[in-house]
Amino acid sequence: MEYKTLGRTGIKVSQIGFGCEHLQGKPYEEIEPLIHGALQQGINIFDMFMSEPQVRTDLGRALAGRRDQAVLQGHIGACWENGQYIRSRDIAQCRAFFEDFMKRLQTDYVDIGMIHYVDSDEDFEMVFGGPIIEYAKELKSKGTIRAIGMSSHNPRVALRAVKTGLIDVLMFSLNPAYDLLPEDTLCDDLFVKDTFQSPVLSGPNPVRAELYRTCETLGVGITVMKSLGAGMLLNEKASPFGFALTAGQCFHYALTRPAVCSVLAGISSLKQLEISAEYFDLPEKEKDYAKILSATPKYSMQGKCMYCNHCLPCPAQIDIAQVNKFLDLALIHDSIPDTVRQHYAALSAHGRDCLACGSCESNCPFGVHVIQRMEKAKEVFGV
């Protein structure tokens, strides 16, 4: 397992995480081996949005004596009413169910207090203009939560939240199919194949790309939900591309987006746990998404770097994907953020080291003019 620091939080998380939603309704005898198995595999981040009382109790039982090994995402606003999950903005109800989360998980702190499911402007105003954000800030100031997070499926609303400076972590639905969609696509439509039939879909939506880059610039770590599109991308008949991707390709796509720190795989069986955990053991060719996506007209990225590193090897030892990523981050700002400049400077080789040999350009499946990009990096960063 490999780990990343979750943005500016300082929390180290496994790059493959555990989405626990499919554990609801399972007996404890099935939950315990999954949680223990995940920890043994080095998976340390668990998203637990579910408000159903029994699954919370069972997860707390499974983590007893192992709490220090786990990074928990607990949701503010995921509540239980009349035997059903509800999304609530009633502060008393939110407070009661967050306290219930801690009690049932047998913990006195939560690593990420995740404001639950903010997808519309109206809901954004209610959350950020009312008691919910104040409650989250109160929890953080007391050390009850280590970071404030927010989950969303809407990149425009998520971008508004990130720009407030109050959000440390964003949980976002991200995969190569969703990245094509208009920014205000409704959550329920993400799971309908007809949503992807529009002839105007061509390349990633620019608001989504801006969201990822802004998170990287501001130090907001992204944890990914729906990396497999609820399984849609693994099925040739259901996939909007007309072909199936593998779990490894979907995970790799998400992990190569700016600011992404962990992909939270929805796991409900030991087999799914095994598939998720073996991601880092896969050969590069089995994780490769670039060549297969570059062959479909819907995913038109001609001339744009996808940070896939198909351009390598470089005789000058330049990490071309990283140089391109930091260049893209620099170009969206009037002045280069200090963090971007520092990260670029820390690279072992820079744009000025380019030999203009052209081997990278012949390898790139997206036709990126790499030599020009290295010259631009040298101009922008001075090295």
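One table, with the values for the structure above:
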{"read-out": "Cβ-derived FRET efficiency at R0 30 Å, residue 244 paired with residue 40, nearest 0.05", "value": "0.50"}
{"read-out": "Within-11-Å neighbourhood charge of residue 15 [Cβ basis; K, R +1; D, E -1]", "value": "+1"}
{"read-out": "Added length on full extension, which subtracts the Cα-Cα distance from 0.36 nm per residue, residue 291 to residue 164", "value": "42.0 nm"}
{"read-out": "Accessible area of the range 208-288 belonging to carbon and sulfur atoms, whole % at 1.4 Å probe", "value": "51 percent"}
{"read-out": "12 Å beta-carbon shell around residue 333, net charge (K/R +1, D/E -1)", "value": "-3"}
{"read-out": "Positive dipole terminus of the chain, leading residue within 98, 321, 39 (C-beta point charges)", "value": "321"}
{"read-out": "Of 4/26; 237/325; 4/226, those spanning more than 26 Å from alpha-carbon to alpha-carbon", "value": "4/26; 237/325"}
{"read-out": "Whole-number percent relative contact order across the range 303-383, with pairs defined as alpha carbons under 8 Å at least 6 apart", "value": "39 percent"}
{"read-out": "Partners for residue 271 among aspartates and glutamates (Cα-Cα distance below 13 Å; same-chain residues under 8 apart left out)", "value": "30"}
{"read-out": "Extended-chain gain in nm, criterion 0.36 nm per residue less alpha-carbon gap, residue 383 and residue 141", "value": "83.0 nm"}
{"read-out": "Two-site FRET efficiency, residue 122 against residue 22, from Cβ-Cβ distance with R₀ of 30 Å, rounded to 0.05", "value": "0.50"}
{"read-out": "Extension reserve of the residue 236-residue 12 stretch, reckoned as 0.36 nm per residue once the Cα distance is removed", "value": "77.1 nm"}
{"read-out": "Under 12 Å from the residue 109 label point (7 Å along Cα→beta-carbon), backbone N, the range 129-145", "value": "140-145"}
{"read-out": "Average accessible surface area per residue within the chain, 1.4 Å rolling probe, Å²", "value": "42 Å²"}
{"read-out": "Those lysines that a straight Cα-Cα span of less than 19 Å connects to residue 137, excepting residues fewer than 8 apart in one chain", "value": "163"}
{"read-out": "Label-to-label distance, nm, for residues given as residue 95 and residue 333 (7 Å Cα→Cβ offset)", "value": "3.8 nm"}
{"read-out": "Sequence-distant aspartates and glutamates (8 or more away, or on other chains) whose Cα lies within less than 12 Å of residue 287", "value": "278"}
{"read-out": "Estimated [θ] at 222 nm from DSSP helical runs (n ≥ 4, -39500 (n - 2.57)) normalised by residues in the chain, nearest 500", "value": "-11000 deg cm²/dmol"}
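The values are calculated or read from the model by the stated rules, or taken from the named source; none is laboratory data. Values in this document were obtained by computation on a predicted structure and should not be read as measured data. Please note: Cβ atoms are built from the backbone with ideal geometry, for glycine as well, and neighbour counts cover all protein chains shown. Protein only, heavy atoms only, side chains kept; ligands, DNA and RNA dropped before computing areas. Shrake-Rupley method; radii C 1.70, N 1.55, O 1.52, S 1.80 Å.
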